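Here it is: the structure, laid out below.
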Amino acid sequence: MTRKYFGTDGVRGKVGAAPITPDFVMRLGYAAGKVLAAGRRSGHPAVLIGKDTRVSGYMLESALEAGLSAAGVDVLLVGPMPTPAVAYLTRALRLSAGIVISASHNPYDDNGIKFFSGGGAKLPDAVESAIERELGRPLECMASAKLGKARRIDDAAGRYIEFCKSAFPPHLHLRGMRIVVDCANGAAYHIAPHVFHELGADVETVGTSPDGFNINDRVGAASPQALQAAVKRHGADLGIALDGDGDRVVMADAAGRLYDGDRLLYVIARHRRQTGGLKGGVAGTQMSNLALEHALAKLKIPFARAKVGDRYVLELLHRRGWQLGGENSGHIVCLDKHTTGDGIISALQVLCALVEGRTTLARTAGLLALYPQVLVNVALKKQRNPIASPAVKRAVKQAETDLDGGGRVLLRPSGTEPVIRVMVEGKNAGHVQHWAQRIAAAVRSAA
């Protein structure tokens with residue numbers, strides 16, 4: 001079944017435009033509640049709802065609560081809470097599902113709804129398809145005696161802070177380390193600073209004053225300039241920037257140099273290989289830098305690529321029986337620590353490598369020199385895919401011959417907009433730029 005509403009990470013869009021409207025979100029809550037309640041012999045299923053700091057979260061939270069209650073599902077509310085916190089609390093409280101109201105790193109006037117299973121993992125495709133089928137049926141409110149109830153979990157933040165701290169070895173500490181933490185004015189604003197402070201660090205903060213409108217606004221993982229400036233201003237040892245819902249992380253060293261998900265993943269993998277803590281290999285995506293693959297090969301660490309999206313990284317990890325994977329955007333998954341990507345826990349794994357290795361982020365992450373990578377987006381005016389064109393295939397073949405194993409070409413349709421993404425990377429920056437533009441011109445002509 002082709003899904004109409006669910007993308008790779010739930011349902012997302014502009015607030016006030018379909019499908020992110022209060023009436024649709026109420027029906028979505030009802031449909032999800034009906035699917036979760038199906039086959040249950042007694043009692044009410046219970047669902048936890050968390051959100052980031054967008055002003056629209058109030059409206060959408062109420063709509064979800066109404067729909068779930070109408071379907072006979074109890075609701076637990078935790079207010080602003082990182083996406084990985086909802087996954088953890090859903091599992092810890094033995095609930096039927098968890099729901100996050102967030103559009104991650106997008107501007108405040110976007111929002112979305114994403115779901116976790118009772119085990120704290122992304123919902124299987126079959127369950128999302130069942131919810132879509134239920135959306136096509138009328139909303140029929142349960143009798144008053146069977147309506148769901150709602151209550152607030154007051155200690156949710158404290159529970160999650162302790163969970164994050166448990167991911168850092170108990171024999172280590174961060175005393176003597178000054179860290180800047182940028183929470184993007186998002187869901188981790190009242191969580192992340194406490195985690196690093198309680199582990200001993202001297203913490204300076206950026207992006208911890210949300211007002212409903214400033215989430216991801218010139219702060220956070222998608223806009224790390226504020227982090228870089230703060231690290232230098234405070235003379236910090238390093239900086240940590242999360243995105244609006246707390247599942248992505250990028251870091252900066254003492255000089256303000258930035259390190260993306262590929263380089264952080266390398267630091268964690270290298271440390272785990274050295275200490276015997278790496279199970280299997282490392283999962284990346286089609287966009288992971290080729291230098292990461294080559295560097296891991298030198299360490300004799302297997303590497304495999306999934307489609308772009310942390311959902312597909314997770315699928316690959318489960319299929320291979322591995323524990324560590326991620327994307328260059330900063331989604332890093334450590335399955336021995338959590339069921340999903342978690343920016344705070346990923347940062348703690350990097351800090352563990354630095355503390356145990358008695359080294360710095362610059363020295364360790366600097367061991368991986370990324371290859372130049374050029375990405376060109378070619379807009380499509382018609383609904384067609386020009387990648388199969390003979391001219392495009394010929395240009396790609398010529399590029400691969402010229403790069404001679406020292407580079408990579410990737411063409412893929414975007415999943416969110418009508419463009420073809422042309423990516424070329426390799427050791428020679430001039431060759432990479434030349435071939436990216438030449439292939440993009442071939443795609444443009446064929447389209």
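Go through segment 102-157 and give me each residue that's over 19 Å from LEU28 (Cα atoms), among the acidic types (Asp, Glu) and either touching a helix residue (DSSP H, G or I) at 6+ places or on another chain (Cβ under 9 Å) or open to solvent by less than 30 Å² (accessible area, probe 1.4 Å) (or both).
Listed by number, the list holds a single entry, ASP109.
Restricting attention to segment 412-447, which residues are among the hydrophobic types (A, V, I, L, M, F, W, C) and crowded, with 21+ Cβ neighbours inside 10 Å?
Selection gives ILE420, VAL422, VAL424, VAL432, TRP435, ALA436, ILE439, ALA440, ALA442, VAL443.
Take segment 100-159 and flag every residue that is hydrophobic (A, V, I, L, M, F, W, C), part of a loop (DSSP other than H, G, I, E, B), under 27 Å from the mean Cα position of the chain (by Cα) and farther than 20 Å from PRO80 by Cα. Outline the logic, then answer.
Pass one, segment 100-159, residues hydrophobic (A, V, I, L, M, F, W, C): 100-101, 103, 113, 115-116, 121, 123, 126-127, 130-131, 135, 139, 141-143, 145, 147, 150, 153, 156-157.
Within this subset, residues satisfying the condition of being part of a loop (DSSP other than H, G, I, E, B) are 103, 121, 123, 139, 141-143, 147, 153.
Pick out the ones that are also under 27 Å from the mean Cα position of the chain (by Cα) and you get 103, 121, 123, 153.
Scanning segment 100-159 gives a single hit, LEU123.
Take the conditions among the small types (Gly, Ala, Ser) and either open to solvent by 60 Å² or more (accessible area, probe 1.4 Å) or under 25 Å from the mean Cα position of the chain (by Cα) (or both) and apply them to ALA391. Does it pass?
no
Those residues that are among the acidic types (Asp, Glu), in contact with a strand residue (DSSP E or B) (Cβ under 9 Å, 6 or more places away or on another chain) and open to solvent by 20 Å² or more (accessible area, probe 1.4 Å), I need them from segment 332-359; list them, please.
ASP336, the sole residue that qualifies.
While we're on this one: Among strands (runs of 3 or more DSSP E) lying entirely in segment 295-376, which contain 2 or more residues that are free of Cβ contacts under 8 Å to residues at least 40 places away in the same chain?
Numbers: elements: 303-306, 324-326, 332-334.
Hits in segment 295-376: 303-306.
A follow-up question, please. Condition check: open to solvent by 40 Å² or more (accessible area, probe 1.4 Å), among the hydrophobic types (A, V, I, L, M, F, W, C) and touching an Asp or Glu at 6+ places or on another chain (Cβ under 7 Å). Does ALA254 satisfy that?
Values: open to solvent by 40 Å² or more (accessible area, probe 1.4 Å): yes; among the hydrophobic types (A, V, I, L, M, F, W, C): yes; touching an Asp or Glu at 6+ places or on another chain (Cβ under 7 Å): yes.
Taking the combined requirement at face value, the residue satisfies it.
Shifting gears a bit: Please enumerate the residues belonging to segment 292-315 that are aliphatic (A, V, I, L, M) and either open to solvent by 40 Å² or more (accessible area, probe 1.4 Å) or in contact with a Ser or Thr (Cβ under 9 Å, 6 or more places away or on another chain) (or both).
Correct list: ALA297, LEU299, ALA306, VAL308, VAL313, LEU314.
Please identify the pairs in which a residue from segment 8-27 that is farther than 23 Å from ASP310 by Cβ has its Cβ atom under 7 Å from the Cβ atom of a residue that is of a type in the set (Phe, Trp, Tyr), counting only partners at least 6 apart or on another chain.
ALA18/PHE24
Residue-wise test of (1) without any contact (Cβ under 8 Å) to a residue 24 or more places away in the chain; (2) more than 30 Å from GLU198 (Cα to Cα); (3) out of contact with any Cys (no Cβ under 6 Å at 6 or more places or on another chain).
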position	(1), (2), (3)
GLU128	no, yes, yes
ALA157	no, no, yes
TYR160	no, no, yes
PHE163	no, no, yes
ALA167	no, no, yes
HIS171	yes, no, yes
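Among residues belonging to segment 209-250 that are of a type in the set (Lys, Arg) and either closer than 25 Å to SER56 by Cβ or part of a loop (DSSP other than H, G, I, E, B) (or both), point out the one that is least open to solvent (accessible area, probe 1.4 Å). Even if it seems obvious, please write down each step before you answer.
Let us first name the residues in segment 209-250 that are of a type in the set (Lys, Arg), namely 218, 232-233, 248.
From the residues that got through so far, the ones that are either closer than 25 Å to SER56 by Cβ or part of a loop (DSSP other than H, G, I, E, B) (or both) too are 218, 248.
Working: ARG218: 183, ARG248: 26 Å².
The extreme case among them is ARG248.
The values are calculated or read from the model by the stated rules, or taken from the named source; none is laboratory data. None of these values were measured; they are calculated from a predicted model. FYI the Cβ positions are ideal-geometry reconstructions off the backbone, even for glycines, and counts take in every protein chain you see. Just so you know, the surface numbers come from the protein's heavy atoms only, side chains and all, with ligands and any DNA or RNA stripped out. Shrake-Rupley method; radii C 1.70, N 1.55, O 1.52, S 1.80 Å.
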